[in-house]
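Heads up: the structure comes next, in structure tokens.
Quick note: the coordinates plus some simple rules give every number you see, no bench work behind them. Nothing here was measured: the structure is a model prediction, and the numbers come from that model. Positions of Cβ are generated from backbone atoms using ideal geometry, with glycine treated the same way; all protein chains shown enter the neighbour counts.
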Amino acid sequence: MRKIALFCLCGLTAASILTGCSGSADGNVNLGTVTLSEYKGVTVNIEAPEVTDEEVDTKVETILAQNPNEVEVDRAAKEGDIVNIDFKGTKDGEAFEGGSAEDQDLELGSGKMIEGFESGLIGAKKGETKTLNLTFPEDYREESLAGQPVVFEVTVNSVKEEQEAELNDDFVKRVSKEEYQTVDAYKESIREDLLDQKQSAAEQDMEEGALQSVISSSEFKLSRNGLSVRYNQMVKEYTNQAKMYGMTLSQMAQANGMDEAGFKEYIYSSVKEAAKKEIVVKDIAAKEGLDNLTDEDKEAFAQANGTSKDTLVSLYGEDTVNEQVLQDKVLRFLASNADNEAENPAKLSEREVTVTETSADQESSPEETTEAETTAEETKAN
């Protein structure tokens, strides 16, 4: 399926918290039914993650490039240098609010100050004081200063230039804020971080692979009405999203390399795939007793996403969080019961999944829909 790069195309069951989308789809819409294929023991092929020395070295090189040394130099300042300055600004001979500071680092050429301030310091040396006669821009946010002439007295305390950093213990202490003391310890921490990232990716691949295997081999009867409701919801969402960027839906489509009709086709296809996923997740959850969500389930999910349950609920709402937690539990269940045929198979990290007993009534078939989908053309929403 084609990926939309410019805007986030949220899943219809609930937007993906990890990608920062927020969903508003009605979870009570009848999307249809599924006759599940065997969902335990589905095959996946995901190798256990490994981190090579080359990958560690590449990461180290990136960190070195991002954290150059700042070395004081005894020469006139030039563009790209970092000057430490004290300055005082006056308007009509009087100091104005926010116009003075001491011991401030400023990169010349960064554009952080008004026009003429940074260029006026090029050529200055340590200990030198410069008088800058400048004018605030007409559209400056502080109306009392907009378009007004001012004078800055600027004293240069030091001039520093960026120099390529060298990997040594001093560099490690600086960039890690003393968390690590040696190069070896720092490189080992990088290796562990890279391995954690790869492990998370491998687990997601196992979970999604198992789910897609079940979806592709199950039989669905999708409700035309349910799909139409979801489709219309999503078109409305994207129309509103486009307005936030000062665009029409057609312009949003063009920004993503499609015409409006093609964009709507994409939305509909996404709706249909998301509906299948939602139906499968809920059906397996009911059959396996995974649908009784506990606070522990929600907190574990939140922690896995680097936040807290209360924060997620405040950002996305209880219903969206519950849907995501339920999906997480089912995907983890599928992955833990999958048969990984890789030569060196990846394994799931330890995480408890809450299971409740299911009764015969709970395991009964979901309500049948009277309007079934057989092809996309038959059910396409207008």
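Please name all residue pairs, on different chains or six or more residues apart, with Cβ atoms under 6 Å, provided the first residue is in segment 309-324 and is among the basic types (Lys, Arg) and the second residue is assigned to a helix (DSSP H, G or I).
Filtered contacts from segment 309-324: Lys309/Lys298; Lys309/Glu299; Lys309/Ala302.
Can you list residue pairs whose Cβ atoms sit under 9 Å apart, with the first residue in segment 231-243 being touching a residue at least 12 places away in the same chain (Cβ under 8 Å) and the second being charged (D, E, K, R)? Count only pairs 6 or more apart in sequence or on different chains.
That search, which allows pairs on different chains as well, returns Tyr231/Lys264; Tyr231/Lys272; Tyr231/Lys380; Gln233/Asp26; Val235/Lys264.
Going through Glu162, Glu128 one at a time, which residue ends up being touching a residue at least 12 places away in the same chain (Cβ under 8 Å) and under 13 Å from Asp81 (Cα atoms)?
On the way: Glu128 fails: under 13 Å from Asp81 (Cα atoms).
Criteria check complete, one pass: Glu162.
If I filter segment 37-69 down to residues being surrounded by 16 or more Cβ atoms within 10 Å (Cβ to Cβ) and over 26 Å from the mean Cα position of the chain (by Cα), which single residue comes out as farthest from Glu341 (Cα to Cα)?
It comes out as Tyr39.
Among the residues of segment 271-286, are any of a type in the set (A, V, I, L, M) and more than 19 Å from Val34 (Cβ to Cβ)? Walk me through it before giving the result.
We begin by selecting, within segment 271-286, every residue of a type in the set (A, V, I, L, M); these are 271, 274-275, 279-281, 284-286.
Okay, now just the ones that are also more than 19 Å from Val34 (Cβ to Cβ), so none.
No: zero hits.
Does Glu179 satisfy being in a loop (DSSP other than H, G, I, E, B) and either touching a Pro at 6+ places or on another chain (Cβ under 8 Å) or loosely packed, with under 12 Cβ neighbours inside 10 Å (or both)? Spell out the reasoning first.
Details: in a loop (DSSP other than H, G, I, E, B): yes; either touching a Pro at 6+ places or on another chain (Cβ under 8 Å) or loosely packed, with under 12 Cβ neighbours inside 10 Å (or both): yes.
Criteria met by Glu179.
Filter segment 204-223 down to the residues that are in contact with a Lys or Arg (Cβ under 8 Å, 6 or more places away or on another chain) and of a type in the set (Asp, Glu) and list them by number.
Glu207
When you scan segment 215-310 for helices (runs of 4 or more DSSP H) that lie fully inside it, which ones turn up with 2 or more residues that are of a type in the set (D, E, K, R)? Give the derivation first.
Details: elements: 224-244, 249-255, 260-288, 295-304.
Here the list reads 224-244, 260-288, 295-304.
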